[in-house]
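Remarks on the structure that follows.
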Amino acid sequence: MGIIAWILIGLLAGFIAKALMPGKDPGGVIITMLIGIAGGLLGGWLGKVIFGVDSIDGFFDLSTWIAAIVGSVILLALYRLITGNRHSHRHA
């Protein structure tokens, strides 16, 4: 797959991850989209390392989308964990 396809998958995976994990994120939509792109790459790598499968088969393959969404959810959760603590101390 080309870089444009990965960006599209990442953007959509970030949007889906945000829908699966609603709530206020520090950083907004741009950060969520960037997390989606990185999450897509992370999901593909994890699928290959953990399960030994090529989860980056093609744009329309279900395994590609599942890997991208799982990676995005993982990164979004980590991002919230790291940045949520910083933002909660500012308001106290």
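Quick check on segment 26-40: of everything there that is out of contact with any helix residue (DSSP H, G or I) (no Cβ under 6 Å at 6 or more places or on another chain) and in contact (Cβ under 8 Å) with a residue 40 or more places away in the chain, which residue is nearest to A67 (Cα to Cα)? So, considering only residues that are out of contact with any helix residue (DSSP H, G or I) (no Cβ under 6 Å at 6 or more places or on another chain) and in contact (Cβ under 8 Å) with a residue 40 or more places away in the chain, the one nearest to A67 (Cα to Cα) is I31.
Per-residue answers, yes or no, for (1) modelled with pLDDT under 85; (2) open to solvent by less than 60 Å² (accessible area, probe 1.4 Å); (3) touching a Gly at 6+ places or on another chain (Cβ under 7 Å); (4) part of a helix (DSSP H, G or I):
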site	(1), (2), (3), (4)
M1	yes, no, yes, no
V29	yes, no, no, yes
G36	yes, yes, yes, yes
G43	yes, yes, yes, yes
S55	yes, yes, yes, no
L78	no, no, no, yes
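Out of curiosity, is G84 at pLDDT below 80 and either at positive phi or assigned to a loop (DSSP other than H, G, I, E, B) (or both)? The answer is no for G84. The residue that is surrounded by the most Cβ atoms within 10 Å (Cβ to Cβ), among those in segment 3-27 that are part of a helix (DSSP H, G or I) and modelled with pLDDT under 80, is W6.
Flag: I69 does not match the condition of being modelled with pLDDT under 70 and surrounded by 13 or more Cβ atoms within 10 Å (Cβ to Cβ).
The values are calculated or read from the model by the stated rules, or taken from the named source; none is laboratory data. Please read all numbers here as calculations on a predicted model, not as lab measurements. Positions of Cβ are backbone-derived with ideal geometry, glycine not excepted, and every protein chain shown enters the neighbour counts. Surface accessibility is based on the protein's heavy atoms, side chains included, excluding ligands, DNA and RNA. Shrake-Rupley method; radii C 1.70, N 1.55, O 1.52, S 1.80 Å.
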